Every structure is written in C-alpha cells, then in structure tokens.
Amino acid sequence: MRKSRFSDEQIIGILKEHQAGMPVADLCRKHGISDATLYTWRSKYGGMEVSDARKLKALEDENRRLKKFLAESMLDVATLREMMGKNF
C-alpha cells in the first residue's frame with residue numbers, strides 16, 4: 001500500500017478546517033488533494049481526535065501482526081497433518 005503524503009495529524013487538521021466551514025473546493029486546492037480524497041478521509045477519520053487516530057493506527061498494526069501469526073500457525077498445522085498422514 002502506498003504511503004500517504006499526509007500524517008494522521010495533518011489529515012485531522014484538514015478535516016477540522018472543513019468542519020469550520022471552509023468550502024471543499026478551496027480546501028482541496030489549498031492542500032493539493034482531490035475532493036474524493038477529502039471525502040474518503042472524512043469517512044475514515046471523521047469526528048476523530050489525534051489521539052483516536054493514533055489508537056486506530058496501533059490497533060490496525062496489531063491486527064495485521066495477529067493475522068500474519070494466524071496464517072503462519074495454520075500453515076504449520078497443515079504441514080504437520082500432511083506429515084502425520086504420510087507416516088500412518
């Protein structure tokens with residue numbers, strides 16, 4: 001996945017400008033983003049504070065790590081079952 005040019009703190013700052021009443025076209029022109037990007041950010045980060053975004057990022061990282069661990073464990077179990085089947 002491509003890394004964003006903007007940090008979570010910057011994204012939340014941009015969304016707060018939008019909530020303060022700045023028009024979408026002006027906001028997008030000022031920061032060099034498309035309106036689709038703004039609406040995507042709003043759906044993901046809408047109503048969040050910076051601390052909430054950090055917690056979300058930490059949870060996503062933990063979830064990614066746990067999914068990888070589960071996949072490796074399932075592969076180990078499948079390998080062991082295959083080996084056990086050959087021995088009997």
When residues of the range 36-63 are filtered for being exposed (fewer than 10 other Cβ atoms within 10 Å of the Cβ) and not hydroxyl-bearing (Ser, Thr, Tyr), how many remain?
2
Name every residue in the range 7-24 that is surrounded by fewer than 16 Cβ atoms within 10 Å (Cβ to Cβ) and not aliphatic (A, V, I, L, M), in order of residue number.
Ser7, Glu9, Gln10, Gly13, Lys16, Glu17, Gln19, Gly21, Pro23
Close pairs (8 angstrom Cβ cut-off, 6 or more residues apart or separate chains): on the phi < 0 side of the Ramachandran plot in the range 1-29, in a helix (DSSP H, G or I) and of a type in the set (Ser, Thr, Tyr) anywhere
Asp8/Tyr45; Ile11/Tyr45; Ile12/Tyr45; Leu15/Tyr45; Cys28/Thr37
Using beta carbons and a limit of 7 Å, which pairs, at least six apart or on different chains, have the first residue in the range 51-63 and modelled with pLDDT under 90 and the second one assigned to a helix (DSSP H, G or I) and not charged (D, E, K, R)?
Ala53/Ile12; Ala53/Tyr45
Among the residues of the range 46-88, the number that are of a type in the set (D, E, K, R) and over 30 Å from Glu17 (Cα atoms) is 10
Assess whether Leu80 counts as being part of a helix (DSSP H, G or I), hydrophobic (A, V, I, L, M, F, W, C) and at pLDDT below 95.
yes
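The values are calculated or read from the model by the stated rules, or taken from the named source; none is laboratory data. These figures come from a predicted structure and were not determined experimentally. As a convention, Cβ positions derive from the backbone with ideal geometry for all residues, glycine included, and neighbour counts pool all protein chains shown.
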